[in-house]
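Asks: My questions all concern the structure below.
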Amino acid sequence: MGLKLEKGEEFVCGWGAAFINITATFPLNKLMFRQQLQGIRGHKALAQLRKEGMRNLYRGFLPPLLLKTTTMSIMFGSYNKFQMALDSSYPIHPQPLNHALAALLAGTLETTLTPFERIQMLLQDRTYHQRFQNTGHAILELRAYGFQEYYRGWTAILLRNGPSNVFFFLGREFVNDKFPTLDKESSHIAKDFVCGALLGAMISTGFYPINVVKTRMQSQLDGPFMSIGQAFQEVWTERNRSVSNLFRGFHINYMRSFISWGIINASYEYLLHLFRHHKDRRS
């Protein structure tokens, strides 16, 4: 697994890895969002984005930038801290059990950032293009509907984040334990990219229906709150009770996740390496 540094470098490296990733992959994420929300094919979603023009392509960019950089900082940093605390406090427990619990705790902590994801959904939905001018305006406008509006879809995010963190971190540790350390820096980066890419793509595909349900829950403004079950039934019925329609857009999601998590994992490990190298030089 990653380096166990003492001064919170994991938080900084998680932030940096997310910044690199979100800047590169935002258009793909927006394309996938349109397919999740409207159940349309890729070429139609792409036609929508082309028609709206470059001016709107990065509309809603600030919330995911703030969300992902903060989320990845919390995800990697808090996982590392929880992991060390549990290993130290409960050394008799199997290490994978401690690490799985650490991943669940980190994922639960990430859900405090639900408002960023909520605002991103509203800004990406063309239904609200005329309603909300920008991120700040959307945040202020939602106040009129009550604090709970910022956390619409929270339960779906909780159901997604904890388990997906467990699969990611335990899978990452498994790969790092089974594959030898590579001497060449370029080979090491390539291994980290492939490891993160495959894990991220598979996990994201497995949890794709939850994201579809979350998108439906968060795209609503005002009115009664839908439970996960209600949102699923609505989407399931709307899409003719078809599993293939429920997974519509997953190909783009798979490609985006493959690239995103490859970049995140490789960037995170590379930044940690730089911190350790700098620390060794100062010692």
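The values are calculated or read from the model by the stated rules, or taken from the named source; none is laboratory data. Computed from a prediction, not measured in an experiment: that's the story for all the values here. Using ideal geometry, Cβ is built from the backbone for each residue, glycine included, and neighbour counts are taken over all protein chains shown. When the accessible area is computed, the model is the full protein with side chains, heavy atoms only, and any ligands, DNA or RNA have been set aside. Shrake-Rupley method; radii C 1.70, N 1.55, O 1.52, S 1.80 Å.
Asks: Please go through segment 19-39 and give me each residue that is closer than 21 Å to residue 130 by Cβ and open to solvent by 30 Å² or more (accessible area, probe 1.4 Å), ordered by number.
Replies: Across segment 19-39, the qualifying residue is only 38.
Asks: Could you check, for segment 114-123, whether at least one of its residues is of a type in the set (D, E, K, R), under 16 Å from the mean Cα position of the chain (by Cα) and either at pLDDT below 95 or surrounded by fewer than 16 Cβ atoms within 10 Å (Cβ to Cβ) (or both)?
Replies: Among the residues of segment 114-123, at least one is of a type in the set (D, E, K, R), under 16 Å from the mean Cα position of the chain (by Cα) and either at pLDDT below 95 or surrounded by fewer than 16 Cβ atoms within 10 Å (Cβ to Cβ) (or both), which makes the answer yes.
Asks: Answer yes if at least one residue in segment 201-208 is more than 27 Å from residue 247 (Cα to Cα) and touching a residue at least 60 places away in the same chain (Cβ under 8 Å), and no otherwise. Lay out the reasoning, then the answer.
Replies: First pass over segment 201-208, keeping only residues more than 27 Å from residue 247 (Cα to Cα): none.
So far as segment 201-208 goes, no, none of its residues is more than 27 Å from residue 247 (Cα to Cα) and touching a residue at least 60 places away in the same chain (Cβ under 8 Å).
Asks: Give me the residue from segment 40-65 that is part of a loop (DSSP other than H, G, I, E, B) and open to solvent by 40 Å² or more (accessible area, probe 1.4 Å) and, out of that set, farthest from residue 133 (Cα to Cα).
Replies: Going through the qualifying residues, I end up with 41.
Asks: Here's a check for you: in segment 240-257, which residue that is outside any helix (DSSP H, G or I) and over 28 Å from residue 68 (Cβ atoms) is least open to solvent (accessible area, probe 1.4 Å)?
Replies: Step by step, filter segment 240-257, then rank; the result is 242.
Asks: Could you figure out which of (1) modelled with pLDDT of 95 or more; (2) open to solvent by 20 Å² or more (accessible area, probe 1.4 Å); (3) over 30 Å from residue 144 (Cα atoms) isn't true of residue 268?
Replies: So residue 268 meets the others, but not (2).
Asks: Restricting to segment 191-230, and then to whatever is of a type in the set (S, T, N, Q) and outside any helix (DSSP H, G or I), can you tell me which residue is surrounded by the most Cβ atoms within 10 Å (Cβ to Cβ)?
Replies: Among those residues, the one meeting the criterion is 219.
Asks: Let me ask you something else. Do we have residue 260 as closer than 21 Å to residue 11 by Cβ and either in contact (Cβ under 8 Å) with a residue 24 or more places away in the chain or in a helix (DSSP H, G or I) (or both) here?
Replies: yes
Asks: Let me ask something else. Could you check segment 147-157 and list, in sequence order, the residues that are free of Cβ contacts under 8 Å to residues at least 60 places away in the same chain and either touching an Asp or Glu at 6+ places or on another chain (Cβ under 6 Å) or open to solvent by 20 Å² or more (accessible area, probe 1.4 Å) (or both)?
Replies: Step one: of segment 147-157, the residues free of Cβ contacts under 8 Å to residues at least 60 places away in the same chain are 147, 150-151, 154, 157.
147, 150, 151, 154, listed by residue number.
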